[in-house]
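The values are calculated or read from the model by the stated rules, or taken from the named source; none is laboratory data. Computed from a prediction, not measured in an experiment: that's the story for all the values here. A quick note on method: Cβ atoms are made from the backbone with ideal geometry, for glycine too, and the neighbour counts reach across all protein chains shown. Please note that ligands, DNA and RNA were not included when accessible areas were found on the heavy atoms of the full protein model with its side chains. Shrake-Rupley method; radii C 1.70, N 1.55, O 1.52, S 1.80 Å.
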Amino acid sequence: MPIIWRVPINCASLIGNFPHPGGITGQEISSPDYYYEGRLRGSSAGRCVFQVTLSGHGVFRDKAGEHIVGPGTGFLVEVSDPETAYFYPEESRETWRIMYVLLHNASEITREMVSRFGHIYHLGTEHPVLTRMQEYKRFSGALLEMSPGESLTLASSIFAALMDAGIGKTGISASAHLVNKAVKFTFDNLNQNINVSDIASHLQVSREHLSRIFRQELGVGPLEYLTREKIRYACELLKTSNWSCKEICEELGYDNSSHFARTFRRFTGTTPNEFRKKGTILF
């Protein structure tokens, strides 16, 4: 089971517990001796693997059963997850060419990804993140030093690709789709005197249902979200236009300047005039 190329990665001055790559490896497998079972691999806190098939196929097993891992398909797993195993199938006669990256400090995000999307991810053999990973083989045989930023960028790009693939597999939820439509309607009407009932009416749902899914998807209610975006827009106008506070108040659909001023102070801690002079948008 020869290793074709291997690039160990070192990164000094890492910040906190950010996930980071420990190395990337390319390998060719043609024997059933290739068998890894999580429960037999001992403690490996924080260590995870993303492994993808370049050609041929292997098998990944989890509590849902066995999955054929063909070209362009990979799996994300904690190294010592006792419910998982991956191996070269005994009946196979073709070489299984793989590439894998070891990820440190990645258990938390891996568990979240697996809980949402499962272990298996279909990227396709031409996916940019796989092309980027293969480019590292030119450093084979040498220790590759990475800056913290480079290390985090590589790890993040891998998880981002898997997340997109996972969402594409499961589809966006109905509640997320509805909230996206509500957000678009809000942005399109920031200069109108709209309220939560108007948004709910536009989407043909009850105000209660809209409030529930907003908190579920965004962590805030629709009124808080609408008001925050109006005040953010007001901050932009104060910094980029010569409009008076009265004109901005009217542009945002407020019919009471005192109410606008109180709301503005609640979100920014200052008055519109003071913000125009020395404020910074921080929300």
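Karplus-based coupling profile of the range 26-40, in residue order and whole Hz: x, 9, 10, 10, 9, 9, x, 5, 6, 8, 10, 10, x, 5, 9, with θ = phi - 60° in 6.51 cos²θ - 1.76 cosθ + 1.60 and x standing for Gly or Pro.
Size estimate for the range 41-167 follows the Kirkwood approach: the inverse of mean 1/r over distinct Cα pairs works out to 15.3 Å. Only the Cβ atoms of Lys and Arg (+1) and of Asp and Glu (-1) were treated as charged; on that basis the dipole of the range 64-213 about its Cα centre amounts to roughly 440 debye. A probe of 1.4 angstrom, applied to the heavy atoms of all protein chains, finds residue 274 with accessible area near 80 square angstrom. Stokes-Einstein diffusion for the chain at 25 °C, viscosity 0.890 mPa s, with a Kirkwood radius from C-alpha pairs, works out to 109 µm²/s. By accessible area, using a 1.4 Å probe on protein heavy atoms only, the range 60-177 has 53% of its surface on carbon and sulfur.
Here the extension length gained between residue 36 and residue 236 equals 66.5 nm, from 0.36 nm per residue of separation less the Cα-Cα distance. The length gained by stretching the chain between residue 17 and residue 191 to full extension, at 0.36 nm per residue less their Cα-Cα distance, is 58.4 nm. Measuring only protein heavy atoms, the 1.4 Å probe finds residue 88 accessible over about 10 Å².
Relative contact order for the chain: what is it in percent, counting Cα pairs under 8 Å that are at least 6 residues apart? In percent, rounded to a whole number, it is 17. The C-alpha atoms of the chain define a longest principal axis, and helix 222-240 lies at about 80 degrees to it. Electrostatic bookkeeping for residue 88 treats Lys and Arg as +1 and Asp and Glu as -1; over the other residues with beta carbon under 14 Å from its beta carbon, the sum is -4.
Pairs 230/278; 181/246; 181/239; 181/277: which are spaced more than 24 Å apart, C-alpha to C-alpha? Table pairs above 24 Å Cα-Cα are 181/246; 181/239; 181/277. Relative to the longest principal axis of the Cα atoms of the chain, the long axis of helix 257-268 lies at roughly 30 degrees.
If you run the Gaussian network model on the chain, springs between alpha carbon atoms under 10 Å, then out of 127, 202, 20 the most flexible one is 202.
By the helix-only formula, in which each DSSP H run with n ≥ 4 contributes -39500 (n - 2.57) and the sum is divided by residues, the chain has a 222 nm mean residue ellipticity of -13500 deg cm²/dmol.
A cut-off of 5 Å between modelled amide H atoms, ignoring neighbours fewer than 5 places along the same chain, links residue 69 with 58, 59, 60.
Using a probe of 1.4 angstrom and keeping all protein chains present, the accessible surface of the range 58-208 works out to 52 square angstrom per residue. R0 = 22 Å: FRET efficiency of residue 140 with residue 94, Cβ-based, nearest 0.05? In this case the efficiency is close to 0.40. Could you work out how much longer the chain between residue 209 and residue 160 gets when fully extended? Use 0.36 nm per residue separation minus the Cα distance between them, nm to one decimal. Extra length from residue 209 to residue 160 when fully extended: 14.6 nm. Summing charges over neighbours of residue 239, with a neighbour being any other residue whose Cβ is under 15 Å away from its Cβ, gives 0 when K and R count +1 and D and E count -1. Database remark: amide H of residue 46 closer than 5 angstrom to the amide H of 107 (H placed geometrically; neighbours at sequence offset of 5 or more, or on other chains; Pro and chain starts carry no H). Give the lysines reachable from residue 63 as a straight Cα distance under 28 Å; neighbours fewer than 8 places away on the same chain don't count. Leaving aside lysines fewer than 8 places away in the same chain, those within reach of residue 63 are 169. Counting only Cα atoms, the range 185-240 measures 37, 21, 12 Å along its principal axes, largest extent leading.
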